[in-house]
1. What order do you get for GLU199, GLU98, GLU410, GLU179 when you list them from fewest to most C-beta neighbours inside 10 Å?
2. In whole Hz, what ³J(HN,Hα) sequence does region 61-69 give by Karplus (6.51, -1.76, 1.60; θ = phi - 60°), x for Gly and Pro?
3. Give the residues of region 220-245 whose amide nitrogen is closer than 16 Å to a point set 7 Å from the Cα of GLN310 in the direction of its Cβ.
4. Net charge around ASP346, counting only other residues with Cβ within less than 12 Å of its Cβ (Lys, Arg = +1; Asp, Glu = -1)?
5. Per DSSP H run of at least 4 residues, take -39500 (n - 2.57); add these up for the chain, divide by its residues and hand me the 222 nm value, nearest 500 deg cm²/dmol.
6. Taking the alpha-carbon set of region 331-386, what are its Rg and Dmax in Å?
7. Of SER171, LEU153, GLN101, which is farthest on the positive side of the dipole of region 89-240, counting Cα position, with +1 on Lys and Arg Cβ, -1 on Asp and Glu Cβ, and the Cα centre as origin?
8. With the contact rule set at Cα under 8 Å and sequence spacing of 6 or more, what percent relative contact order holds for the chain?
Amino acid sequence: MVRSSGGGVRESTPRAAVPVRIARFAARGEASMLPASFREQPIMAYIEGRVVHDADAHVMETGEWFRMLLDGTVDERIDAHFRAGFRDADSEFYAEIERLQSDPEHRAKDAEELMARKNHHAIGAFLREDRPAALDLLGVSSQLLFTSRGNVLLESLEHGDDLDLLYGTASASNRAQVEYSRVDSRLLPVGYVPLADLERAPVAAAEAIQMGCSALLVPAECPRRHATSHVALDKVWAQAQEAGTPVLFHVGVADRVLPKSHKVNGLPDVPDFHGGDENFRSISYMSIPSMPMQALSLMILDGVLERFPQLMVGVIELGAVWVPGFMRQLDAAFEAFSRHEERLQDLKLKPSEYINRQVRVTPYPTEPTGWIIEQAGEDICMFSSDYPHVEGGRNPYGRFERSTEGLPAEAIDKFYEGNFASLMGSQLTV
């Protein structure tokens, strides 16, 4: 662990090796298939020596996701629409991935290649029986678990016209997340609550809470026909507050943050960092903060966080370098307009104080996290790995360690543990 008694520059202390369960093979009675050296030698986890909660991790769905986890209980139209996102041409890829995940020689390198294997190649990416081993190897005490395909699909449906498909897909996806997470109490399943329909949204929230979702994901972008802060959605926030279940915003479709015309610049096409066309590039990355800034502005200035003082809000994989300036801009808006706007006169705190009290944010590992904490305060930022997505990188913990070096020990503890605990409240049981 890295600490100093004075809370300044921290010194490294030796890591102790910890044994790692080989969950998949043990569950099948196949542990003997592994090389003796792997079965007997203690394995060092990626993170050791401190309690760390992971505020952003994912499953990697396949076309068989609903069938695999929900055993044919999903409406045929919903399942067909979900499966349509997986090309038939990729079937050989998924077959090879499944073969690798059952290959003892490949699995013998789990610890060595933990952070190098990404997306479907990663341990526990889609096979739930493998996820406990991944948690052990990562060394995290808990993990907020989001979908991958589901996030993108549901955000797109949110702005379409087929509400039955939207709410049906959300329900099926949430059930799958809960079912997958039953394998380990450290997994905290996130359920999606569409806000497109003011009457259906509270029903969807109640269902997600009742089925065991540990957090409720709502779109950061405004619904098509009303604001995120519409008073009819108070029924959603009230349920979340009463259940002690946080509400989350998460990054979604890359090019929703910019008009399509931003690519029409007369220059060659720029591939994303996957080499494809679906993820963020530098220009769209720069616009990511616009969505959480809009959502938080509505929820704070329209009084949602005033009306629901125990409601916790997480801003996940949307960066955090924008937070210090945003807090000051909120207060400047309050100063400029409070004399004339009754809604602002009803606020009992400065807008930035609602963020300190109720909002928690995950910086990207490439951001200056130490500076963000110094500017915004110690109570806001949280660690996240984005496991197993490529965007999380091969060493997020190392990057965060370097970025936060020199901060007081209490601030470091809050970043890795305390701020996540305050976000999750009673939902955190490990």
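Every read-out reported here was derived from the displayed coordinates using simple, explicitly stated rules and does not represent laboratory data. Keep in mind that this is a model prediction, so the values were computed, not measured. Because the Cβ atoms are built from the backbone with ideal geometry, glycine has one as well, and the counts that use them run over all protein chains shown.
1. Sorted ascending by nearby Cβ count, the order is GLU199, GLU410, GLU98, GLU179.
2. 5, 10, x, 8, 3, 5, 5, 5, 9
3. In region 220-245, the label zone of GLN310 (backbone N under 16 Å from the point 7 Å along Cα→Cβ) covers 235-245.
4. -1
5. -11000 deg cm²/dmol
6. Just the Cα atoms of region 331-386 yield Rg and Dmax of 14.5, 44 Å.
7. SER171
8. After rounding, I find 18 percent.
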